[in-house]
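One structure coming up, written as structure tokens, with questions to follow.
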Amino acid sequence: MERAIELAWRGWGRVHPNPLVGAVVLDAAGAVAGEGFHGEFGGPHAERVALAAAGARARGGTLVVSLEPCHHQGKQPPCTEAILAAGIARVVFALEDPNPVAMGGAEALRAAGLAVEGGLRRAEAAAQNAPFLGGYRTPERPWVALKLATSLDGRIADQLGRSRWISGEQARDFVHWLRAGVDAIGVGGATARVDDPSLTVRGAVEPRVAPLRVVFDQTGNLPTTLEVLRTARERPTCVVAGPLLSSERAEAIEAVGARLVRSSSLRQGMAELKRQGIGSIVVEGGGQLAGALLGEGLVDRYYWIQSPVWLGEGGVPAVAGLPGAELATAERWTVVERRALGADTLLVADRA
Ligand SMILES: NC(=O)c1ccc[n+]([C@@H]2O[C@H](COP(=O)([O-])OP(=O)(O)OC[C@H]3O[C@@H](n4cnc5c(N)ncnc54)[C@H](OP(=O)(O)O)[C@@H]3O)[C@@H](O)[C@H]2O)c1
């Protein structure tokens, strides 16, 4: 299963909004006979790829797969059919399929006489597919991840607002990898004005669809010379503004070819993004937007890149305006990953 989950990552950037899935076929003697992963949206499922690789060796063997095999005709035929046709004797999967249309694969295989077990490394597979599962848990809004690079003292920029670069090259490569696997990349208005980021994907993974670039700014006070607005006709850009947006600013934003979402709250803005097809978004700061999103309970995952630098008084706090909590009742999140990115440290935590 560890290998199946590892294989599943190869679909990152290419399969969403479908889940990441990896599969390994063991022959009747327990040796690896074939491997596969879901590699392209609309393309063959991991099970079929692994079964094809195993060929006749699949007969009497075991299929290990990170998601319950599907039981419906979608863009691809049901995997349960392929499993039965291959003569597999036992199926071990990690995560139950939450999709009401595709679920029921385990039951169907059991009914056909196969030994079926679910739940092996379920937590790991669920963390890997958090954006996909978010679509079922909070269907009214996108799955929202917050990503910040902070100093050891929890600052995201120095006293002059400079944040390039707090983190090192490996951390920046990670961010480009992360961006490739989501539908949108967001920043707050101050970050757009100060950093003038391009919010494009420039890493090893070429996303199937370029993520929408989103700027959250209540008043829409964004110079049209900013990189994201200047290039809005080449790469999709959206401004999520509040009720204070003036008609001149609205016109200026739309005149450069950017989409405009008017909302009375961040929650409503997120809901509108979802209606427009955005199922997942990584918000990359700054501190005010991070605090506002966290305060409203709109963050599902935090990607925290911590760099060994001190920025001290006057530096921009990573999270601003988050209401205080009492320790005994404070929200505690679940750590799903921890690793070194060069001199920096990545910590990934999910809302419990
Ligand atoms: N190290 C990092 O990872 C990192 C990442 C990003 C940025 N930065 C640094 O952080 C600094 C900027 O951060 P910041 O904290 O000053 O600002 P920010 O979070 O980038 O921007 C605040 C923006 O969010 C909007 N906003 C806040 N609450 C909102 C709500 N409820 N609804 C809609 N919009 C809302 C505000 O709009 P209004 O102004 O109209 O209220 C404002 O434009 C820069 O120096 C940048 O370099 C560092």
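The values are calculated or read from the model by the stated rules, or taken from the named source; none is laboratory data. In this text, all values refer to a predicted model and were calculated from it rather than measured experimentally. No Cβ is skipped: glycine too gets one built from the backbone with ideal geometry, and neighbour counts run over all protein chains shown.
Mind checking which strands (runs of 3 or more DSSP E) fall wholly inside region 286-352 and carry at least 1 residues that are surrounded by 13 or more Cβ atoms within 10 Å (Cβ to Cβ) and on the phi > 0 side of the Ramachandran plot?
none
Can you list residue pairs whose Cβ atoms sit under 6 Å apart, with the first residue in region 281-293 being over 15 Å from Arg351 (Cβ atoms) and near the ligand (Cβ under 8 Å from one of its atoms) and the second being in a helix (DSSP H, G or I) and not basic (Lys, Arg)? Count only pairs 6 or more apart in sequence or on different chains.
Gly285/Thr191; Gly286/Ala190; Gly286/Thr191; Ala292/Leu266
Something else now. Taking the options Leu273, Leu260, Leu311, name whichever one is within 19 Å of Trp143 (Cα to Cα), touching a strand residue (DSSP E or B) at 6+ places or on another chain (Cβ under 9 Å), of a type outside the set (D, E, K, R) and more than 8 Å from the ligand (Cβ to nearest atom).
One residue alone meets the criteria, Leu273.
Looking at region 209-228, which of its residues are more than 14 Å from Ile253 (Cα to Cα) and touching a helix residue (DSSP H, G or I) at 6+ places or on another chain (Cβ under 9 Å)?
Pro211, Leu212 - these are the residues of region 209-228 that are more than 14 Å from Ile253 (Cα to Cα) and touching a helix residue (DSSP H, G or I) at 6+ places or on another chain (Cβ under 9 Å).
Listed residues Val261, Val316, Val256; which is under 23 Å from the mean Cα position of the chain (by Cα) and not hydroxyl-bearing (Ser, Thr, Tyr)?
Going through Val261, Val316, Val256 in turn, the sole match is Val261.
Mind checking which residues of region 189-205 are acidic (Asp, Glu) and within 18 Å of Glu169 (Cβ to Cβ)?
Hit for region 189-205 is Asp195, nothing else.
Looking only at region 149-191, which residues are in a helix (DSSP H, G or I) and near the ligand (Cβ under 7 Å from one of its atoms)?
Gly189, Ala190, Thr191
Determine whether Glu248 is over 15 Å from Val144 (Cβ atoms), in the same structural domain as Ile166 (by TED's automatic domain parsing) and either assigned to a loop (DSSP other than H, G, I, E, B) or modelled with pLDDT under 95 (or both).
no
Find all pairs meeting these conditions: Cβ atoms under 7 angstrom apart; at least six residues apart or on different chains; first residue within region 253-268 and part of a strand (DSSP E or B); second residue more than 16 Å from the ligand (Cβ to nearest atom).
Sorted first by the residue in region 253-268, then by its partner, the pairs are Leu260/Glu254.
Continuing with the same structure: Would you say Ile305 is within 23 Å of Val175 (Cα to Cα), touching a strand residue (DSSP E or B) at 6+ places or on another chain (Cβ under 9 Å), modelled with pLDDT of 95 or more and within 10 Å of the ligand (Cβ to nearest atom)?
Here the answer is yes, as Ile305 does meet what is asked.
Right, another one. Taking region 208-232 only, how many residues are free of Cβ contacts under 8 Å to residues at least 60 places away in the same chain and part of a strand (DSSP E or B)?
Of the residues in that region, 2 qualify.
Turning to a different aspect of this structure: Just give me the residues in region 212-233 being closer than 22 Å to Arg164 by Cα and more than 16 Å from the ligand (Cβ to nearest atom), in sequence order.
Thr225, Arg230, Thr231
Any residue in region 122-139 that is in the same structural domain as Asn18 (by TED's automatic domain parsing), more than 25 Å from the chain's Cα centre (by Cα), free of Cβ contacts under 8 Å to residues at least 40 places away in the same chain and more than 13 Å from the ligand (Cβ to nearest atom)?
The answer is no; no qualifying residue exists.
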